[in-house]
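Just below is one structure, and these are the notes that go with it.
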Amino acid sequence: MERLTIATQPIEGQKPGTSGLRKKTKVFMGPHYLENFVQSIWNAIGGVAGKTLVLGGDGRYFNDRAAQVILRMAAASGARKVIVGQGALLSTPAASNLIRKNETDGGIILSASHNPGGPEEDFGVKFNTPNGGPAAEDVTARIFEATKTLTSYEILEAQDPDLSQIGATQLGGMEIEVVDPVASYAALMEELFDFEAIRALLGSGFRIAFDAMHAVTGPYATEILENRLGAAQGSVLNGTPSADFGGGHPDPNPIWAKPLVDLVMGPGAPDFAAASDGDGDRNMILGRGQYVTPSDSLAVLAANARLAPGYSGGLAGVARSMPTSRALDRVAEARGLDIFETPTGWKFFGNLLDAGRITLCGEESAGTGSDHVREKDGLWAVLLWLNILAETRLSVQEIMRRHWGEFGRNYYSRHDYEAVDAARAEAMMEALRARLAALPGQEAGTLTVAEADEFAYHDPVDGSHSEGQGLRVTFEGGARAVFRLSGTGTVGATLRVYLEAVETDPAKLEGDPQEALAPVAAAAEALAGIKAHTGRDAPDVMT
Ligand code: G16
């Protein structure tokens, strides 16, 4: 086996976004593209000589070959050991768990999350640090800097090791341990939740459906929900991971998981339904006749987490990303919990979790999680919901009614304008940014602006500062519109407009969200001129 030093040149645009580097698969498959980025990770973290890493991905097209390249590069650079999920598969939360459990020096996750997969679709590479979480901004900045000066990378010339069999093998001087991707994660879930109570619920005629969307959570959900908890066989839908996610878009929201929403809204609906995304960190929660927004789900979990054994001692504090609805704030206020507001991106929760300042956190983008790992965790959210349902024996709808009755309802929706011309989207943001200071007191449609600013975050743990994290406009009466450009898209710009309205009138708690939010949407349009700037009449996706 020969160790090769391959001459290369910097490749432009290898800047990690909200969650790692995401590009079209063909871009990643281009000459030196993957290798350059991986070598830049090694260079940014002081090399991998003598280190142990975790490696796995969501099974999308090119996952298997990229894993082999990374193994040969790790071996060439002197890594001691790489722990790989069988078949190079690992859900993102399972990878985070393995990094923590084995006290490794970090890991690489191959995923473009909820973006579609395939030769014409998306691929991604993410580096997680030894705490199990996505690399913080200082690390991703170092990686990006390293991509700009790279002149060569190291790779071993060797045959591909067999990743289909569990067990240990060698590559050059490096050990490869192929592990069952599910076992350690499932054991962790058994520690956190009352499996007996959930088993009793599922044995009482309570029916569930879990849509794995042809993505990585299929094997996890089948093992945990069907094999260990006794859900009826077939409760897990689309449970075999496929390289192009069955040709679909593995994003668990009412648009892309519409068949599941139709199922719970139709006759013979199951009592509970859920879906997860490409890499298993996002979730969507549904009950018979009920869609639960991610922001509401986070608030419900925070209010009821103590019903699960892993959280029976209470919560240290909670956090949400800035655009996430403030339903969580109402729970925190009522329960006397510390609450933190962070920029979009799970990496911003890492310090708060590590420092023990928060136990539970989440985002409007369908991610919820806790201090059990350092990633959001789709199945974890499903199991916490099931544990709460098992303890209360209420339906999902009853839980929501009870919650809104106690805390009020934050109507919420996100409107996405996808693949907008990047320059036009920037121009819209710039024009609004320039007017922010003058907005308070101005009318926008039927609403009046109370406050307007650009969100910046000061991390209370390490003192780091992050600017330019979204434009937010609060209206008198508590409604809010937030404007942001996504950091995870791969084509043009995705404009996200987050709309929220607060309702405490008991007679108005069960309205239609888009109707309740119509005045906020009109105000957002009046303030930002979305149509004029983007040329779009309506959003592509409303979650
Ligand atoms: C990633 C991040 C999340 C973020 C989401 C949307 O999720 O991990 O923290 O909320 O993207 O980000 P953006 O609004 O910038 O597109 P995932 O599931 O794609 O890893």
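The residues listed here are R228, R199; of these, the one that is more than 20 Å from the chain's Cα centre (by Cα), under 20 Å from L301 (Cα atoms) and of a type in the set (K, R) is R199. Residue count for the stretch 159-181 under the criterion of being out of contact with any helix residue (DSSP H, G or I) (no Cβ under 8 Å at 6 or more places or on another chain) and touching a residue at least 24 places away in the same chain (Cβ under 8 Å): the result is 7.
If you check G468 against the conditions, is it surrounded by fewer than 18 Cβ atoms within 10 Å (Cβ to Cβ), assigned to a loop (DSSP other than H, G, I, E, B) and more than 16 Å from the ligand (Cβ to nearest atom)?
Details: surrounded by fewer than 18 Cβ atoms within 10 Å (Cβ to Cβ): yes; assigned to a loop (DSSP other than H, G, I, E, B): yes; more than 16 Å from the ligand (Cβ to nearest atom): no.
When the stated conditions are applied, G468 does not pass them.
Quick one: would you say E500 is of a type outside the set (K, R) and open to solvent by 20 Å² or more (accessible area, probe 1.4 Å)? No. With the condition kept exactly as written, say whether any residue in the stretch 432-445 is open to solvent by less than 60 Å² (accessible area, probe 1.4 Å), on the phi < 0 side of the Ramachandran plot and over 31 Å from the mean Cα position of the chain (by Cα). Yes, because at least one residue in the stretch 432-445 is open to solvent by less than 60 Å² (accessible area, probe 1.4 Å), on the phi < 0 side of the Ramachandran plot and over 31 Å from the mean Cα position of the chain (by Cα). Evaluated against (1) open to solvent by 20 Å² or more (accessible area, probe 1.4 Å); (2) part of a loop (DSSP other than H, G, I, E, B), K23 falls short on exactly one condition, (2). With respect to being away from the ligand (no atom under 11 Å from the Cβ) and closer than 21 Å to E190 by Cα, S325 falls outside the description.
Residues satisfying the criterion are absent from the stretch 286-297 (criterion: under 27 Å from E120 (Cβ atoms) and assigned to a helix (DSSP H, G or I)). If you go through the stretch 406-426 and keep only what is farther than 30 Å from E196 by Cβ and either basic (K, R) or open to solvent by 50 Å² or more (accessible area, probe 1.4 Å) (or both), you end up with R409, R414, E418, A419, D421, A423, R424, E426.
Residue-level check: of (1) assigned to a loop (DSSP other than H, G, I, E, B); (2) under 21 Å from I41 (Cα atoms); (3) hydrophobic (A, V, I, L, M, F, W, C), L163 misses just (2). Checking each residue in the stretch 345-366 for being within 11 Å of the ligand (Cβ to nearest atom) and either aromatic (F, W, Y) or over 18 Å from N128 (Cβ atoms) (or both) picks out W346, F348, F349, G362, E364, S365, A366.
Restricting attention to the stretch 471-488 and to residues that are in a loop (DSSP other than H, G, I, E, B) and surrounded by fewer than 21 Cβ atoms within 10 Å (Cβ to Cβ), the residue that is modelled with the highest pLDDT turns out to be E476. Would you pick out the residues in the stretch 262-288 that are open to solvent by 10 Å² or more (accessible area, probe 1.4 Å), closer than 22 Å to S325 by Cα and away from the ligand (no atom under 16 Å from the Cβ)? Once the filter is applied, which keeps residues that are open to solvent by 10 Å² or more (accessible area, probe 1.4 Å), closer than 22 Å to S325 by Cα and away from the ligand (no atom under 16 Å from the Cβ), the stretch 262-288 yields nothing. Evaluation of L156 against the conditions (1) in contact (Cβ under 8 Å) with a residue 40 or more places away in the chain; (2) open to solvent by 30 Å² or more (accessible area, probe 1.4 Å); (3) over 27 Å from the mean Cα position of the chain (by Cα) shows that the sole unmet condition is (2).
Of all residues in the stretch 91-107, none are more than 23 Å from Y185 (Cα to Cα) and either open to solvent by 10 Å² or more (accessible area, probe 1.4 Å) or not assigned by TED's automatic domain parsing to the domain that holds Y220 (or both). A search for C-beta distances below 6 Å between a residue of the stretch 182-204 that is on the phi > 0 side of the Ramachandran plot and any residue that is aromatic (F, W, Y), counting only pairs 6+ apart in sequence or on different chains, returns nothing.
Just one of the listed residues (E391, E398) is without any contact (Cβ under 8 Å) to a residue 12 or more places away in the chain, part of a helix (DSSP H, G or I), open to solvent by 20 Å² or more (accessible area, probe 1.4 Å) and away from the ligand (no atom under 15 Å from the Cβ), and it is E398.
Among the numbered conditions (1) modelled with pLDDT of 95 or more; (2) assigned by TED's automatic domain parsing to the domain that holds F62, the only one that S113 does not meet is (1).
The set of residues in the stretch 493-543 being touching a helix residue (DSSP H, G or I) at 6+ places or on another chain (Cβ under 6 Å), closer than 21 Å to T293 by Cβ and not small (G, A, S) consists of L495, V497, L499, L509. Among the residues making up the stretch 84-131, those that are within 16 Å of the ligand (Cβ to nearest atom), assigned to a strand (DSSP E or B) and either out of contact with any Ser or Thr (no Cβ under 7 Å at 6 or more places or on another chain) or within 24 Å of L383 (Cα to Cα) (or both) are G107, I108, I109, L110, V125, F127.
To keep it simple, each residue is scored yes or no on (1) within 16 Å of the ligand (Cβ to nearest atom); (2) open to solvent by less than 10 Å² (accessible area, probe 1.4 Å).
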{"residue": "A7", "(1), (2)": "no, no"}
{"residue": "I11", "(1), (2)": "no, no"}
{"residue": "K15", "(1), (2)": "yes, no"}
{"residue": "F37", "(1), (2)": "no, yes"}
{"residue": "V48", "(1), (2)": "no, yes"}
{"residue": "R65", "(1), (2)": "no, no"}
{"residue": "V69", "(1), (2)": "no, no"}
{"residue": "A75", "(1), (2)": "no, no"}
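Scoring G56 on the criteria (1) within 16 Å of the ligand (Cβ to nearest atom); (2) more than 18 Å from V84 (Cα to Cα); (3) not aliphatic (A, V, I, L, M) leaves a single failure, condition (2). A count restricted to the stretch 389-415 and to residues that are of a type in the set (A, V, I, L, M) and touching a strand residue (DSSP E or B) at 6+ places or on another chain (Cβ under 9 Å) stands at 4. Checking L298, L337 one by one, the residue that is open to solvent by 10 Å² or more (accessible area, probe 1.4 Å), touching a strand residue (DSSP E or B) at 6+ places or on another chain (Cβ under 6 Å) and not basic (K, R) is L337 and no other.
When the residues of the stretch 367-379 are filtered to those that are open to solvent by 10 Å² or more (accessible area, probe 1.4 Å) and within 14 Å of the ligand (Cβ to nearest atom), which remaining residue is nearest to the chain's Cα centre (by Cα)?
The initial filter retains those residues of the stretch 367-379 that are open to solvent by 10 Å² or more (accessible area, probe 1.4 Å), namely 371-372, 374, 376.
Now restrict to residues that are within 14 Å of the ligand (Cβ to nearest atom): 374, 376.
Values: R374: 11, K376: 6 Å.
Per the criteria, the residue is K376.
The values are calculated or read from the model by the stated rules, or taken from the named source; none is laboratory data. None of these values were measured; they are calculated from a predicted model. FYI the Cβ positions are ideal-geometry reconstructions off the backbone, even for glycines, and counts take in every protein chain you see. Accessible surface areas use protein heavy atoms only, side chains included; no ligands, DNA or RNA. Shrake-Rupley method; radii C 1.70, N 1.55, O 1.52, S 1.80 Å.
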